[in-house]
Amino acid sequence: MDATAGEAARGLIFDVQRYSVHDGPGIRTTVFLKGCLLRCAWCQNPESLRPHPEVAFYADRCRELGQCLAVCPRDALQPDTERVVRDRCDACELCAAACPHGAFEVVGRRVAANELVEEVQRDRAFFEASGGGVTLSGGEPTLQMAFVGAFARLCRDLGLRVGLQTCGAFGWAALEPLLSDFEFVHFDLKIMDPQDHRRWTGADNRSILENARRLAAGEWPVEFRMPVIPGRTDSLSNLESVAAFLHELRVERIRLLAYHRLGEAKLPRLGYPIPPLGSAPEPNGKTQLEAAREHLRGLGLEVLT
Amino acid sequence: MIRPSIHSGDSGQKTPEPLALSERVRQIHETILRAAPALCAERALLVTRYFRRRTDRAEPRVVRKASALAYLLRNKKVRIYPGERLVGCFTSYRVAGGLYPELHGVAMMEDLFRFDKRAVNPIRVDPKARRRLLLEVLPYWLPRFVALRSFSPLGALAFVLDQLSPASYVVNETGGVSHFVPDYAGLVSRGTEGFRRQAASRLAELGVDSPAGPFLRSVALVCDALEAFADGYRRAAQKLASREADGVRRRELERIAEICSRVPRKGAGTFHEALQSILFAQIALNLESLDNGVSPGRLDQILGPFYQRDLAAGVLDREDAFELLGCFALKLCEIVPVFSERTTRIHGGMMNGQAVVVGGTDAEGKDASNAVTDLLLDLMDRLRTRQPNYHARLHRSSPAGYQLRIARALAGGAGSPALYNDEVIVPILRAQGMTERDARDYATVGCVEPVAAGKSFQSTDAALFNLPLFLELALNRGRRFGSWRRMGPKTPRAETCSSIDEVIELFRAQLEHGVARLLRALAAIEDGNARWHPTPLTSMLLRGCLATGRDATHGGALYNGSGIQGVGVVEVGDSLAALEAVVFQHRRASLREVVTACRQGFRDCDALRARLLRSPKFGNDDPRADRFVGRAMELFAATLEGRENRRGGPYVAGFYSMTAHQAFGSLVGALPSGRLPGTAFSSGLSAGPGCDRRGPTAALCSVASLPLHRAPNGVNFNLKLAPWSVAEPAWLQGLVRGGFAAGAMQMQINVIDPKILIEARDHPGRYPGLLVRISGYSSYFDDLSPEMKQEVIDRTLCEAVAG
């Protein structure tokens, strides 16, 4: 991959989080890509959903100075608590610059693959010292396949390791040629029952499971993960189906992810009147995670948490 | 493709569990933790009595100083406490501090009636001792203490008044110099006999009437004094042994007596003797001059050969050595500084800065860690005491086991050791003119200062300088906000500046004026110390002094210098960055508006302040802020450059702050960074409270990007981490190695659950041994002022949430 391709491939990201220690081995920088096909009821990163830059409005920071209203060229701001008229706003950032209190933040910035490489390289010393690297997360990274591919290839050429986190909804033919550039793939399993899956994530799970089969059949280091969402993913029948599915794939290990409700606070800032798909369930305590872990262990899986 | 181990679980590395503390060490530790610090008048009374007698008035000052120390060491109370294997007492109490009336003691005596009543760092004072201090000590020294004698009468008045509530700077050297790593390697190999011989032969070469005569004679006197000090303990141990019913203890006491009959007179023959020899010298040095920064240095290097030899001879085992090291560490905890409340604001936390450093390379550059290194690392993990101030050196080839031991101690909340990067520090020392071998053999002094062990008389804590104050002056034509008195030159109005460079130029002008004032005061104090307070014992234990025949205060040591700390450099950098962003780049406000807002302390300026606060801040790996902190460092270092102290060494900059970032901060008005008037600056090179929002790697990248070579006197950088973020030792190890590979010079890591800190704040006494790292040293949490406690909590909380 030459440098011009790195410049040509531009992606939309919404955060670069350094010192991430739970997204793969060692000290990592996690890059969050914007845009997702799924609409999970429990989504913890609702700012990742829309595939375009948007403006988040923090009502608690607003001091009613009105400076934002004066500068908006598209008449996309209203003096109410929601403030941003989503279908008029093009995230031009003028309001964010005008407000001294930082009540607006633009979520999503376009970045060229080689620029992003420069950015993550800043922690290279820590990656090398700890066996870490970069993790691409989201949103759903594979929605920006060209960018992801260009980025991973540039990193590989520089000796930086890159891991990929995916919900599994991707076109196999597009991802397969890139797989050898990844240090690992974290693959999220959620709900096995097709109807329930559609109900709580808004998407069909057939292609997801098919991708899981293909990945597991290959030589790629895949880690299957499942968020433990009370009443959604932790039912006995779902756990049993997950275990059966992994056994069928000859996969012996799964990592369970704890759930928290921090995503909910973000919803009003982004103009989601209600959670994208129904309301989020009650946060589970450690006990639910432990119960799921015990159950899956009983079903013969090695369970990481 | 390599199949990585996906789970980050176990790193596969294992080191043996740290050794357990022996019952003896645990008991001594408990006794010391329980002992309420006292003021011990013994030193002040004996030294005063000696000088009052005036029997040797005709003698040169250096001889009188040696005789005074001898008088003190011969007449001070001898105490051997139950179970002790190493003997010798700093004071006549279990835990206490002395007074140094010829130095800063007179100023400390302003608290004589409040020491025991004050809320922070209370010190017991015996009423009888208080009376004697008032009647015998104070009247004699009031017209004679060094700071007073250093100036003309009017100059002295001005200086003392200024230093009573110091705004621009604090001259610590008025309390004496100390702050060095004694040549303990020489002491344990040659003993006082060796030094006495060297002094005698030098005297024979130069002649008794040569200028070196008095100093060389004084060396013989302090050798006698040290031997007499040891002999007092020999007799006491023998006496105790003769009355001891318990056979085991009796043999221990007999062994102590035997050791005290040999060292420090002779070179040490065993590990035990080496430690005892060092302890006697350590005590005597703390009594000779300022009880601060007398740093034992590279104990693992000094003791390693003794340990191996004893082990081979079968006279020592690992547990035994561990116990002796524990006894040594606890001895160093028996002394605390006696500071008035004023001084406590700057030097809070009751610590004497007795630094011990482990690891690093030898003079050839090869890794030098050894079995004693491991023992000392285990000790700092198991026995979490405020003293010694433990440091660890790291270089490219530091062994994995060594790193893991350090990571385990820190992740477990030990708070020690603070970490030093050889790859950065050795070249800095080389650039200061140190030989390659000496630079590689560096040790640390006091808080964070790297020096040549046994060779540098560096006065590393000569003064602290309040950098942000000079930014305030720059913005207000040489006056503090709201004041009519002009402190600095009348520079042009800040409002007329059309670029950040012009603002920086105003700052530089104010800075130069302030530094010039400081250096004039320092030169006077240096002369005062040389004339009135020579330190023959210190000098004997510094290479160069015997050869040149000059006392260290006269520049006799091999390496000389003075370290001056720029406090609040991050605040200055953040302020410049905010001005650049808000005023010059985005033109969201005029300079006049910002200055007016600062003058008003941001009253009714919420919007502007919010904007300033949101501008780039140091600690986020953001060059827009980091480069201004670098500029401020460069400016301060450049103002010191090219000036020589009276001992013939350079003035060099350091960027660590002890607790002066609180004290200085309380005096400075609002600043363009958005900081409110009177609030604390950040500690050393740490980011402002709540300003580092991108995690520890970004903060480390920021600090690594600074021109650290302009800080030969050392820096401190605090990294506070929530326990979850270092659940794997590999993460902490990665932070340290990564930060040092990126070019950081120093870091001190605190891993503490904020809940425990809050509990400790609300219930003093519940966690008596809770150790937190402040700014180059550790302190018991309970010993901190309420403001410092809150600062530690705020920083920890913010990390926990942001992380």
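Starting from residues that are in a helix (DSSP H, G or I), open to solvent by less than 10 Å² (accessible area, probe 1.4 Å) and closer than 21 Å to B:Ala698 by Cα, keep the ones in the stretch B:737-774 and report whichever is nearest to the other protein chains (Cβ to nearest Cβ).
Of all residues in the stretch B:737-774, those in a helix (DSSP H, G or I) come to B:737-742, B:754-762.
If we keep only those that are open to solvent by less than 10 Å² (accessible area, probe 1.4 Å) as well, we get B:738-739, B:757, B:760.
The next check asks that each one be closer than 21 Å to B:Ala698 by Cα; those that pass are B:738-739.
Numbers: B:Gly738: 3, B:Gly739: 7 Å.
Once the filter is applied, the top-ranked residue is B:Gly738.
Any idea how many residues of the stretch B:456-515 are at positive phi and either open to solvent by less than 10 Å² (accessible area, probe 1.4 Å) or without any contact (Cβ under 8 Å) to a residue 40 or more places away in the chain (or both)? Write out each step before concluding.
From the stretch B:456-515, those at positive phi are B:459, B:477-478, B:482; that's our starting set.
Adding the requirement that they be either open to solvent by less than 10 Å² (accessible area, probe 1.4 Å) or without any contact (Cβ under 8 Å) to a residue 40 or more places away in the chain (or both) leaves B:459, B:477-478.
Residues flagged as at positive phi and either open to solvent by less than 10 Å² (accessible area, probe 1.4 Å) or without any contact (Cβ under 8 Å) to a residue 40 or more places away in the chain (or both) within the stretch B:456-515 amount to 3.
For B:Val652, only one of the following conditions fails: (1) within 17 Å of B:Val515 (Cβ to Cβ); (2) touching a Ser or Thr at 6+ places or on another chain (Cβ under 9 Å); (3) modelled with pLDDT under 95. What is its number?
(3)
Kindly indicate which of A:Ala292, A:Ala243, A:Ala258 is more than 14 Å from chain B (Cβ to nearest Cβ) and modelled with pLDDT under 95. If you could, list the steps in order and put the result at the bottom.
Numbers: A:Ala243 fails: modelled with pLDDT under 95; A:Ala258 fails: more than 14 Å from chain B (Cβ to nearest Cβ).
Only one candidate qualifies: A:Ala292.
Can you go through A:Arg28, A:Arg61, A:Arg110 and tell me which one is modelled with pLDDT of 95 or more and within 12 Å of another protein chain (Cβ to nearest Cβ)? Lay out the reasoning, then the answer.
Working: A:Arg61 fails: modelled with pLDDT of 95 or more; A:Arg110 fails: within 12 Å of another protein chain (Cβ to nearest Cβ).
So the residue among A:Arg28, A:Arg61, A:Arg110 that is modelled with pLDDT of 95 or more and within 12 Å of another protein chain (Cβ to nearest Cβ) is A:Arg28.
Look at the stretch A:150-166 and say how many of its residues are on the phi > 0 side of the Ramachandran plot and polar (S, T, N, Q).
Applying the first criterion (on the phi > 0 side of the Ramachandran plot) to the stretch A:150-166 yields A:159.
With the extra rule that they be polar (S, T, N, Q), the set shrinks to none.
Total meeting the criteria: 0.
Could you say which residue among B:Pro427, B:Pro468 is touching a Lys or Arg at 6+ places or on another chain (Cβ under 9 Å), closer than 30 Å to B:Asn352 by Cα and modelled with pLDDT of 95 or more? Walk me through it before giving the result.
Working: B:Pro427 fails: touching a Lys or Arg at 6+ places or on another chain (Cβ under 9 Å).
After ruling out the rest, the residue left standing is B:Pro468.
In the stretch A:1-25, which residue that is buried (at least 21 other Cβ atoms within 10 Å of the Cβ) and among the β-branched types (Val, Ile, Thr) is modelled with the lowest pLDDT?
By that ranking, first place goes to A:Val21.
Do you know which residues across the stretch B:170-186 are of a type in the set (Ser, Thr, Tyr) and in a helix (DSSP H, G or I)?
Pass one, the stretch B:170-186, residues of a type in the set (Ser, Thr, Tyr): B:174, B:178, B:184.
Of everything in the stretch B:170-186, those that are of a type in the set (Ser, Thr, Tyr) and in a helix (DSSP H, G or I) turn out to be B:Thr174, B:Tyr184.
Just to verify a result, which residue in the stretch B:610-626, among those that are surrounded by fewer than 22 Cβ atoms within 10 Å (Cβ to Cβ) and assigned to a helix (DSSP H, G or I), is farthest from the other protein chains (Cβ to nearest Cβ)?
Initial filter on the stretch B:610-626 (surrounded by fewer than 22 Cβ atoms within 10 Å (Cβ to Cβ)): B:610, B:613-614, B:616, B:620, B:622-624.
Restricting the remaining residues to those that are assigned to a helix (DSSP H, G or I) gives B:610, B:613, B:623-624.
Working: B:Ala610: 5, B:Leu613: 9, B:Pro623: 10, B:Arg624: 14 Å.
Selected residue: B:Arg624.
Filter the stretch B:716-729 down to residues that are at the interface with chain A (Cβ under 9 Å from one of its Cβ atoms) and closer than 26 Å to B:Leu706 by Cα and give me whichever is surrounded by the most Cβ atoms within 10 Å (Cβ to Cβ).
Out of the qualifying residues, it is B:Val726.
Would you confirm, using the coordinates I've provided, whether B:Arg599 is within 14 Å of another protein chain (Cβ to nearest Cβ), touching a residue at least 12 places away in the same chain (Cβ under 8 Å) and under 29 Å from B:Arg345 (Cα atoms)?
For B:Arg599, the condition - within 14 Å of another protein chain (Cβ to nearest Cβ), touching a residue at least 12 places away in the same chain (Cβ under 8 Å) and under 29 Å from B:Arg345 (Cα atoms) - is not met.
Sort through A:Ala76, A:Ala56, A:Ala70, A:Ala103 and tell me the only one that's among the hydrophobic types (A, V, I, L, M, F, W, C) and under 16 Å from B:Ala607 (Cα atoms).
On the way: A:Ala76 fails: under 16 Å from B:Ala607 (Cα atoms); A:Ala56 fails: under 16 Å from B:Ala607 (Cα atoms); A:Ala70 fails: under 16 Å from B:Ala607 (Cα atoms).
The conditions single out A:Ala103.
So is B:Leu732 within 14 Å of chain A (Cβ to nearest Cβ), open to solvent by less than 30 Å² (accessible area, probe 1.4 Å), part of a helix (DSSP H, G or I) and at pLDDT 95 or above or not? Give the steps one after another, and end with the answer.
Numbers: within 14 Å of chain A (Cβ to nearest Cβ): yes; open to solvent by less than 30 Å² (accessible area, probe 1.4 Å): yes; part of a helix (DSSP H, G or I): yes; at pLDDT 95 or above: no.
For B:Leu732, the condition - within 14 Å of chain A (Cβ to nearest Cβ), open to solvent by less than 30 Å² (accessible area, probe 1.4 Å), part of a helix (DSSP H, G or I) and at pLDDT 95 or above - is not met.
Among the numbered conditions (1) closer than 25 Å to B:Arg694 by Cα; (2) surrounded by 15 or more Cβ atoms within 10 Å (Cβ to Cβ); (3) within 11 Å of another protein chain (Cβ to nearest Cβ); (4) modelled with pLDDT under 95, tell me where A:Gly102 comes up short.
For A:Gly102, the exception is condition (2).
Report yes if B:Arg693 is within 29 Å of A:Val120 (Cβ to Cβ), more than 25 Å from the chain's Cα centre (by Cα) and not in a loop (DSSP other than H, G, I, E, B), otherwise no. Give the steps one after another, and end with the answer.
Values: within 29 Å of A:Val120 (Cβ to Cβ): yes; more than 25 Å from the chain's Cα centre (by Cα): yes; not in a loop (DSSP other than H, G, I, E, B): no.
Here the answer is no, as B:Arg693 does not meet what is asked.
Can you work out which of the residues in the stretch B:649-688 that are open to solvent by 10 Å² or more (accessible area, probe 1.4 Å) and over 23 Å from the mean Cα position of the chain (by Cα) is farthest from the other protein chains (Cβ to nearest Cβ)?
Ranking the qualifying residues of the stretch B:649-688, first place goes to B:Leu667.
Which one of these does B:Cys798 not meet: (1) in a helix (DSSP H, G or I); (2) more than 14 Å from chain A (Cβ to nearest Cβ); (3) in contact with a strand residue (DSSP E or B) (Cβ under 9 Å, 6 or more places away or on another chain); (4) modelled with pLDDT of 80 or more?
Exception for B:Cys798: condition (4).
Output the residues belonging to the stretch B:698-728 that are of a type in the set (S, T, N, Q), within 23 Å of A:Thr29 (Cα to Cα) and modelled with pLDDT of 95 or more. Let's see the steps before the verdict.
First pass over the stretch B:698-728, keeping only residues of a type in the set (S, T, N, Q): B:702, B:705, B:713, B:716, B:718, B:725.
Going one step further and asking which of them are within 23 Å of A:Thr29 (Cα to Cα), we end up with B:702, B:705, B:718, B:725.
Scanning the stretch B:698-728 gives B:Ser702, B:Ser705.
For the stretch B:369-380, state whether one or more residues are open to solvent by less than 10 Å² (accessible area, probe 1.4 Å) and in a loop (DSSP other than H, G, I, E, B). Working first, answer last.
If we filter the stretch B:369-380 for residues that are open to solvent by less than 10 Å² (accessible area, probe 1.4 Å), which is where we start, we get B:372-373, B:375-380.
Adding the requirement that they be in a loop (DSSP other than H, G, I, E, B) leaves none.
Within the stretch B:369-380, not a single residue is open to solvent by less than 10 Å² (accessible area, probe 1.4 Å) and in a loop (DSSP other than H, G, I, E, B).
Here is a list: A:Gly163, A:Gly159, A:Gly132. Which entry is within 14 Å of chain B (Cβ to nearest Cβ), open to solvent by 40 Å² or more (accessible area, probe 1.4 Å) and either modelled with pLDDT of 95 or more or closer than 30 Å to A:Ala59 by Cβ (or both)? Steps first, please.
Working: A:Gly163 fails: open to solvent by 40 Å² or more (accessible area, probe 1.4 Å); A:Gly132 fails: open to solvent by 40 Å² or more (accessible area, probe 1.4 Å).
That would be A:Gly159, the only listed residue that is within 14 Å of chain B (Cβ to nearest Cβ), open to solvent by 40 Å² or more (accessible area, probe 1.4 Å) and either modelled with pLDDT of 95 or more or closer than 30 Å to A:Ala59 by Cβ (or both).
Restricting to the stretch A:135-156, and then to whatever is among the polar types (S, T, N, Q) and away from chain B (no Cβ under 14 Å), can you tell me which residue is most open to solvent (accessible area, probe 1.4 Å)?
Quick first cut of the stretch A:135-156, residues among the polar types (S, T, N, Q) only: A:135, A:137, A:142, A:144.
Okay, now just the ones that are also away from chain B (no Cβ under 14 Å), so A:137, A:142, A:144.
Working: A:Ser137: 13, A:Thr142: 12, A:Gln144: 33 Å².
Selected residue: A:Gln144.
Take the stretch B:215-243 and flag every residue that is in contact with a Leu (Cβ under 6 Å, 6 or more places away or on another chain) and over 23 Å from B:Ser67 (Cα atoms).
Scanning the stretch B:215-243 gives B:Ala237, B:Leu240, B:Ala241.
Cβ-Cβ under 6 Å, sequence separation 6+ or interchain: first residue in the stretch B:68-88 and on the phi > 0 side of the Ramachandran plot, partner open to solvent by less than 70 Å² (accessible area, probe 1.4 Å) and modelled with pLDDT of 95 or more. Which pairs?
Every condition considered, the pairs that remain are B:Gly83/B:Arg24; B:Gly88/B:Leu279; B:Gly88/B:Phe280; B:Gly88/B:Ile283.
For the stretch B:345-366, which residues satisfy the criterion of being on the phi < 0 side of the Ramachandran plot and either buried (at least 22 other Cβ atoms within 10 Å of the Cβ) or in contact with a His (Cβ under 7 Å, 6 or more places away or on another chain) (or both)? I'd like the intermediate steps shown before the answer.
Start the filter on the stretch B:345-366 by keeping residues that are on the phi < 0 side of the Ramachandran plot, which leaves B:345-348, B:351-352, B:354-358, B:361-364, B:366.
B:Arg345, B:His347, B:Gly348, B:Met351, B:Asn352, B:Gln354, B:Ala355, B:Val356, B:Val357, B:Val358, B:Thr361 - these are the residues of the stretch B:345-366 that are on the phi < 0 side of the Ramachandran plot and either buried (at least 22 other Cβ atoms within 10 Å of the Cβ) or in contact with a His (Cβ under 7 Å, 6 or more places away or on another chain) (or both).
Is one or more of the residues making up the stretch B:574-586 in contact with a strand residue (DSSP E or B) (Cβ under 6 Å, 6 or more places away or on another chain), away from chain A (no Cβ under 14 Å) and assigned to a helix (DSSP H, G or I)?
No, the stretch B:574-586 contains no residue that is in contact with a strand residue (DSSP E or B) (Cβ under 6 Å, 6 or more places away or on another chain), away from chain A (no Cβ under 14 Å) and assigned to a helix (DSSP H, G or I).
What residue, among those in the stretch A:115-129 that are in contact (Cβ under 8 Å) with a residue 40 or more places away in the chain and either under 20 Å from A:Gln165 (Cα atoms) or open to solvent by less than 10 Å² (accessible area, probe 1.4 Å) (or both), is nearest to the other protein chains (Cβ to nearest Cβ)?
Filtering the stretch A:115-129 for residues that are in contact (Cβ under 8 Å) with a residue 40 or more places away in the chain and either under 20 Å from A:Gln165 (Cα atoms) or open to solvent by less than 10 Å² (accessible area, probe 1.4 Å) (or both), the one nearest to the other protein chains (Cβ to nearest Cβ) comes out as A:Phe126.
The values are calculated or read from the model by the stated rules, or taken from the named source; none is laboratory data. What you see is a predicted model, and the numbers here were worked out from it, not measured in a lab. Counting neighbours? That spans all protein chains shown, and the Cβs are built from the backbone with ideal geometry, glycine included. Accessible surface areas use protein heavy atoms only, side chains included; no ligands, DNA or RNA. Shrake-Rupley method; radii C 1.70, N 1.55, O 1.52, S 1.80 Å.
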